[in-house]
Amino acid sequence: DEAHALAAIGSPAIGPLVKLLATAGEWGRLNAAFALGEMDSHAGAAVPALGRCLDDDSHRVVRTALDALGAIGGDASRVVPRMSRFLSESRPDWEEVLTGRRTRMTRDQVRVNAAAAMARLGPRAISAEEALVGALDDPCGYVSLYATDALQHLGSPSARQAVMELIMAQRWDSSLSSESK
């Protein structure tokens, strides 16, 4: 509730939220990053602090900072090179299996958040193009899905070509299957 209230306050809350990013426990950092993301482009001044959160030990804080940077937009393009490393990076503690409706690894969630944030940044994430192309081969289908979306939003000829190559490699005519007869 407090994070939503601070986000609603707007610009005057940016300073205190940035301070929380540096001084609070995990839950406080997580909520501060969330609140800044809720402010969208109005929280541009918090981009450097959110960029520092990408080095946090908590995957939850990293994921929330990635989401916030994607929501903030323009100013976040400065940290895209740091964001792009999460498309391939893995840490031992990210091998935790998350259960729920779908079983996946913490690592997969971090990669999904990174790719989704870059999709939101669109052409401002152009420096991540090579990493996004590499993420097309990620074993987690959601990572490759969001990487495809991000490449499509980049709009460069080479990004479009990578998406087309993926589509061509995965095409299948279901009428050729014996089960369809």
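The values are calculated or read from the model by the stated rules, or taken from the named source; none is laboratory data. Note that this is a predicted model, so its numbers are computed, not measured. All Cβ positions, even for glycine, are placed from backbone atoms using ideal geometry, and neighbour counts span all protein chains on display.
Contact map, the range 145-165: first residue on the phi < 0 side of the Ramachandran plot and outside any helix (DSSP H, G or I), second residue modelled with pLDDT of 90 or more and not basic (Lys, Arg), Cβ cut-off under 9 Å, separation 6 or more or different chains; pairs are 156/123; 156/126; 156/129. Hey, does the range 70-82 have a residue that's at positive phi, of a type outside the set (Lys, Arg) and either at pLDDT 95 or above or within 14 Å of the chain's Cα centre (by Cα) (or both)? Yes, the conditions are met somewhere in the range 70-82.
Taken together, 111, 91 contain a single residue that is buried (at least 19 other Cβ atoms within 10 Å of the Cβ), touching a residue at least 12 places away in the same chain (Cβ under 8 Å) and out of contact with any Gly (no Cβ under 8 Å at 6 or more places or on another chain), which is 111. Residue count for the range 24-67, restricted to those that are among the aromatic types (Phe, Trp, Tyr) and over 15 Å from residue 13 (Cβ atoms): 1.
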